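Engineer: So that we are looking at the same thing, I have put the structure below in structure tokens.
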Number of protein chains: 2
Amino acid sequence: MKLGGERAERADAARNRQLLLNTVREMIAEAGVEQVTMDGLAERAGLGKGTVFRRFRSRAGIFHALLDDDERAFQERVLSGPPPLGPGAAPVARLVAYGRARIRFLLERHAVARAALDRNQPIPAGESTLSQIHLRVLLGQAGLDVPDVDSLAVQLTGALEGPILLYLSVPPRTDDARHIARLADSWQLLIERLCRPAAPERKGQAGQEG
Amino acid sequence: MKLGGERAERADAARNRQLLLNTVREMIAEAGVEQVTMDGLAERAGLGKGTVFRRFRSRAGIFHALLDDDERAFQERVLSGPPPLGPGAAPVARLVAYGRARIRFLLERHAVARAALDRNQPIPAGESTLSQIHLRVLLGQAGLDVPDVDSLAVQLTGALEGPILLYLSVPPRTDDARHIARLADSWQLLIERLCRPAAPERKGQAGQEG
DNA sequence: GCAATAAGCGGGGTAAAGTCCGCTTGCGGT
DNA sequence: ACCGCAAGCGGACTTTACCCCGCTTATTGC
């Protein structure tokens, strides 16, 4: 019985996928992300190179898959863990908590996250839409009076993940850790200012450019 | 006559640098960024491959240099052009104008900007610090009451450039343009909310996570 | 001019990503 | 149990970024 036209993944394929993921984790632990090559991975796993590329379409795809694994656990904490990261706290508090947790998450997986960036693919790290969707929902719950919550969510995702994915050096310099703590505080400030109610005063302030 | 211990760039080197930049511009115009290879560029410029790598340390370095060129002109407009992008307008208005102009700038050079991202180097697009420094200065002038303007500037740079550098597909899909306009509006909203004065009311709102 | 020298130059060599295509094999149907 | 076949597999092949190192040439002091 096949289900809905979609053939299930073959047993050997599933086995090899797991084998490859385990192997790549070992290689990263031993020698770092930089040293992982497709040939090396294939050989170490006792498989052909074609197999590796079939499973993960590119080198970046491997790290993407690796990140997806961890991302699932993270998502679990967000969706059903204790507040303020999980449900039960006020939206603004959850936004702050999410940012802090996300910064930490990405920092701990920094090398992998950067390796998951693909020069030819738009979406970078493991289902980056996770952040975007979650921010989108919480912003909505916060009852912000803004015309376009979606775009704001995109932008805040950039504010949250951009610095780590783009500007951080890949063997982190010693003072990077301090930067991170400051980024987390700064995120909290940004969110709280964004969400706080308007001053009752009625002087209009505007900026424009064509 | 040599100046200050630093040997000036040799005449032939400078000529070749310019030749290479022109050649790469031609190649991009004819066939797109993707089709630019180091061998092809060297051959077309009538130079050796080693020369190309000596001038721009990597493939990304070429596009970085290309972007730097344009960036200089952009910086000119920011430092001494007409307001609100140039000096003379209120800081908040300039922040808004800068964001709009920067989004447009990056969008127009999207393919090059993405090609300038280097998997092994932290700093991405042509002197990305330009945005960071400028935002930093304007935030200071806006007289924000925040403890750490530097981190905020880093984060806003991410908000501004991250979406374009990370999430936008490289042959832009048709509806990407609409996204861009929305991003610009959203940027304005973000800045204005961030900079507006606090409501006088004293109800504290806070969020925390360890 | 001329020698000394350091920078620039060239192109063959290496390594690693990604492609191709014929062979093999698990799987579902009978 | 057997058959047909779509999916999986492997590894040679191609492409391309990047390295190396001996040769060439612009520059500077005499």
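Engineer: With respect to residue B:52, is the statement that it is of a type in the set (Val, Ile, Thr) and touching a Gly at 6+ places or on another chain (Cβ under 7 Å) true?
Structural biologist: Judged against the criteria, residue B:52 is not a match.
Engineer: Can you list the helices (runs of 4 or more DSSP H) lying wholly within the stretch B:24-92 that have 3 or more residues being within 14 Å of another protein chain (Cβ to nearest Cβ), more than 26 Å from residue B:140 (Cβ to Cβ) and touching a residue at least 12 places away in the same chain (Cβ under 8 Å)?
Structural biologist: In the stretch B:24-92, B:59-80 are the helices (runs of 4 or more DSSP H) which contain 3 or more residues that are within 14 Å of another protein chain (Cβ to nearest Cβ), more than 26 Å from residue B:140 (Cβ to Cβ) and touching a residue at least 12 places away in the same chain (Cβ under 8 Å).
Engineer: Looking only at the stretch A:54-66, decide whether some residue is near DNA strand D (Cβ under 9 Å from one of its atoms) and more than 20 Å from residue A:132 (Cα to Cα).
Structural biologist: Yes, the stretch A:54-66 has at least one match.
Engineer: Still on this structure, I have one more. Here is a list: A:156, A:138. Which entry is more than 16 Å from DNA strand C (Cβ to nearest atom) and either at the interface with chain B (Cβ under 7 Å from one of its Cβ atoms) or assigned to a loop (DSSP other than H, G, I, E, B) (or both)?
Structural biologist: A:156
Engineer: Now a separate question. Quick one: residue A:39 ticks every box in (1) under 19 Å from the mean Cα position of the chain (by Cα); (2) of a type outside the set (A, V, I, L, M); (3) surrounded by fewer than 16 Cβ atoms within 10 Å (Cβ to Cβ) except a single one, so which number is it?
Structural biologist: Result: residue A:39 fails condition (1) only.
Engineer: Kindly indicate whether any position in the stretch B:100-118 is at pLDDT below 90, aliphatic (A, V, I, L, M) and more than 16 Å from residue B:187 (Cα to Cα).
Structural biologist: Checking the stretch B:100-118: at least one residue is at pLDDT below 90, aliphatic (A, V, I, L, M) and more than 16 Å from residue B:187 (Cα to Cα).
Engineer: Filtering the stretch B:7-23 down to residues that are over 21 Å from residue B:63 (Cβ atoms) and more than 8 Å from DNA strand C (Cβ to nearest atom), which residue is nearest to the other protein chains (Cβ to nearest Cβ)?
Structural biologist: B:8
Engineer: Under 8 Å by Cβ, and 6 or more places apart or on different chains, what pairs join a residue from the stretch A:184-204 that is facing chain B (nearest Cβ under 7 Å) with one that is at pLDDT 85 or above and surrounded by fewer than 13 Cβ atoms within 10 Å (Cβ to Cβ)?
Structural biologist: Close Cβ pairs (under 8 Å, with a partner that is at pLDDT 85 or above and surrounded by fewer than 13 Cβ atoms within 10 Å (Cβ to Cβ)) amount to A:185/B:147; A:189/B:147.
Engineer: Residue A:98 passes all but one of (1) under 17 Å from the mean Cα position of the chain (by Cα); (2) surrounded by fewer than 19 Cβ atoms within 10 Å (Cβ to Cβ); (3) not in a loop (DSSP other than H, G, I, E, B); which number fails?
Structural biologist: Condition (2) is where residue A:98 drops out.
The values are calculated or read from the model by the stated rules, or taken from the named source; none is laboratory data. In this text the structure is predicted, and so the values were computed from the model without any measurement. All Cβ positions, glycine included, derive from the backbone under ideal geometry; neighbour counts span all protein chains shown.
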